[in-house]
Structure formats: C-alpha cells, structure tokens
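Peer 1: Sending over a structure as structure tokens; questions will come in a sec.
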Amino acid sequence: MPIYKTDKKNKEGKQQYRVCVNYTDTHGKYRQKTKLVYGSAEAKLVEMELAKSVEQKEVTSNITVEQLYSKYIDTHKHEVREATIQKIEDIMQRFVIPSLGKYSLTKLTVPVLSDWKNEIAAGDYKARYKQNIYSTFRAVLNFGVKMELIPKNPLTIVGNFKDNSFEKPQDKLHYYTVEQFKSFIAEAKKDCRCLNDWGYYVFFNIAFYTGMRKGEINALKWSDIEGNIIHIRRSVAQKVKNKPIVETLPKNKSSYRDVQIPSVLRLILDEHYARHKAQRGFTEDYRVCGGIACLGDTSISNKNIKFATAAGLEPIRIHDFRHSHASVLVNNGINIQEVARRLGHSKVEMTWNTYSHLYPKEEERAVEILENL
C-alpha cells in the first residue's frame, strides 16, 4: 500500500501525495484504489482508511448464501406481512439452502446457478411455482447487491423459468356463474341451524358479491361496514407455522379500499347483524362472519365442498369466488380499471392478464364497422 509523492502542491504549500491500495475483487481480478491528498499526515490517514475498507470487503466476500438469506429475513421481517416471510422461508429452506447454502457469494457463479436451475426444472412442479422459486432467490441476491456484498446478481444472467404450457387463460380460471352460485348459496342457507352456520352463509355471500380475499373477509368487523360501503382495512393470516391467527395489514396499498355493495348483500348483512346484536357482550368489534373469533380456514374449505356437492357442482377454491365476482363484472362490460379497484389489485395489468379473455370479442364488430365505411 504505497504512498507516492507527486510534483504538485496546493495554495498553502502542502505536498500532494497519491495513496494506492492493491487488492483482489470478489471475482479474483486485480484491482487498485487510488486517492489524491495533500500533506503527509493526511496521506497516512487515508492509507489506513483504504486498507480498512479493503479488509472489510475481503471479510464480506466470504459471506455464504445462508448468511445472506438470514440478513435478508432480519431486514424484511418488519416490512412485510408474516405470511409473506413464511413463504420466503419455505422456498429458501426447501430449494436453495440445502444445495447452495454453504456457498460463499464469490463462488456463486453462472455455471453453479445454471446447475441449480436445471435441478429445479427437472422437478415435477408447475411453471408458476418454479418462477416463484426463482423470483424469491433473485430477491435475496438483489439484497446482496444493494448491501454491496456482491457487485451484481448472477442469477439474472441465468434467467427465469419459461412457461411452455399451452393452457389458455380460461383453462386455468375456475368460477361459478350467477346461476351456479345461486344453487350453491341455497344449499348453504339450508345448512344454517345455529349462529355459527350463518357465519359461513354470510362469508360466501361476501366473497361472491365483493370479490374480497379470504383473509379480508375473516378480518372484517361490523365497525368496518357503513351503510352500503365496506371499508377494507385489515386481513388475517392463518397459515403462519406455529403461530396463532394474526391480524395484519391488507396485502398492499391498493388493498386499502372501499367497496360498495348491492342491496341483496346489504339485506343479508343486516339480518346477520341482528343475530349478533342479540348475543350477550356484543360489540361493533365482532367479526362479521365469526363473531368473537374468525372462521377457520379448514372449516371454510369443508363447508365449501359440502355446499358444492349438495348443489351438484364441482367444488372450486375459496379464491375462485373472487374470480366469480370478477367474471360477473367483466361479462357485463364493467371497465377493467373498476374491476381492478374492487379486487384491490396493485396493477391493472394483473387484472387484464387474468380476465381479458372474458371480455366479449370485438373482432366481428370491427369488421362490421369496416364493411359500413
């Protein structure tokens, strides 16, 4: 780490020095840091600072993938929902840490990551799930770049998994038509014998008529309903391992929304409110569907299958009631931006990519216009 005297001086007559520090970067390439200063004392001080920064880089260059992942979780666990952290941990612990956890970031080369990707590609997983694995790992490595632990993310060079399936969007989308839902909800109403049973009946009506997410419906309190407006301000997560049901913020900024409801749902809610209000100890903080506690995910799923089977329908997922709501709006020509707003999507593109095939075809109308020119 030499200090060189130059032939220059500043206005105060101080001698100029060039301080150089030689080191090898994370890719094994020879590098040099250079800084110009005035005065011998200042030169020695800068030499110490440069040497310290190089030593720090040498230490951080040996950090492993597992250590980086741990730093990533510690940084983000206070910024995102706990259920999201759980998903990240599940993917990393299952698909990344076992094979790459002990690798230092300097050894995480494109060939190594290509081999890792090929192993995942050989697994019997859906294309969307493989892409989620890639995106999760890429986010962790991007964090390493942000923290200046690696100069760039080699995984971006490898690229994401491709979806080579020929499924059309409508082949992936499952939902009930209005008539099918009427058959389903009629069976749900027949099943109501106590207050708890009515909770499931109300749950599925809210899901169909508002398109709210399961966690948003379960978190809904009577204080969140004002006239024909539902204020969506919270959600609950039930899939965090070894943790009780936790109330969280909605999924994203767009999920904070006010949804206007039709009179048919307003009537159902009014009747259920009267049932709850008759209970001793009732407050406006009661959960709309569960009362003191939320309805359980497993119980909701079991009721869903029971009602569908009784109605002679193929059961759909709870999330598909959200698709059912969207399909009703889309098939009746509601603007895609309004559909996105009601669903709480962060981007209209997400809504369009999911539901665009439901909109009436305009090709015939376009040709008709051209014919009449």
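The values are calculated or read from the model by the stated rules, or taken from the named source; none is laboratory data. The structure presented is a predicted model; accordingly, all values stated were derived computationally and were not measured. With ideal geometry, Cβ positions are generated from the backbone for all residues, glycine too; neighbour counts draw on all protein chains shown.
Peer 1: Can you pull out the residues in the range 75-118 that are closer than 26 Å to residue 251 by Cβ and outside any helix (DSSP H, G or I)?
Peer 2: The answer is 77, 78, 79, 80, 81.
Peer 1: Step by step: first the residues of the range 95-141, then only those that are basic (Lys, Arg) and within 11 Å of residue 154 (Cβ to Cβ), then the one that is surrounded by the fewest Cβ atoms within 10 Å (Cβ to Cβ). Which residue is that?
Peer 2: Checking each candidate, the answer is 107.
Peer 1: Within the range 219-239, identify whether any single residue is β-branched (Val, Ile, Thr), surrounded by 13 or more Cβ atoms within 10 Å (Cβ to Cβ), touching a His at 6+ places or on another chain (Cβ under 8 Å) and touching a residue at least 60 places away in the same chain (Cβ under 8 Å), and answer yes or no.
Peer 2: Looking through the range 219-239, at least one residue is β-branched (Val, Ile, Thr), surrounded by 13 or more Cβ atoms within 10 Å (Cβ to Cβ), touching a His at 6+ places or on another chain (Cβ under 8 Å) and touching a residue at least 60 places away in the same chain (Cβ under 8 Å).
Peer 1: Next question. Mind checking whether some residue in the range 334-345 is under 29 Å from residue 222 (Cβ atoms) and surrounded by fewer than 16 Cβ atoms within 10 Å (Cβ to Cβ)?
Peer 2: Scanning the range 334-345 turns up at least one residue that is under 29 Å from residue 222 (Cβ atoms) and surrounded by fewer than 16 Cβ atoms within 10 Å (Cβ to Cβ).
Peer 1: Would you confirm whether or not the range 119-142 contains a residue that is charged (D, E, K, R), touching a strand residue (DSSP E or B) at 6+ places or on another chain (Cβ under 7 Å) and in a helix (DSSP H, G or I)?
Peer 2: Looking through the range 119-142, none of the residues is charged (D, E, K, R), touching a strand residue (DSSP E or B) at 6+ places or on another chain (Cβ under 7 Å) and in a helix (DSSP H, G or I).
Peer 1: How about the range 41-74: which of its residues are modelled with pLDDT under 75 and in contact with a Gly (Cβ under 8 Å, 6 or more places away or on another chain)?
Peer 2: Listed by number, the list is empty, since nothing qualifies.
Peer 1: Check the range 202-210 and report whether any residue there is closer than 27 Å to residue 81 by Cβ and polar (S, T, N, Q).
Peer 2: The answer is yes; a qualifying residue exists.
Peer 1: OK, next. Quick one: which residue in 295, 249 is within 19 Å of residue 87 (Cβ to Cβ) and under 28 Å from the mean Cα position of the chain (by Cα)?
Peer 2: From the options 295, 249, the qualifying one is 249.
Peer 1: All but one of (1) farther than 19 Å from residue 209 by Cβ; (2) among the aliphatic types (A, V, I, L, M); (3) surrounded by 13 or more Cβ atoms within 10 Å (Cβ to Cβ) hold for residue 278, so report the exception by its number.
Peer 2: With (1) farther than 19 Å from residue 209 by Cβ; (2) among the aliphatic types (A, V, I, L, M); (3) surrounded by 13 or more Cβ atoms within 10 Å (Cβ to Cβ) applied to residue 278, the lone miss is (3).
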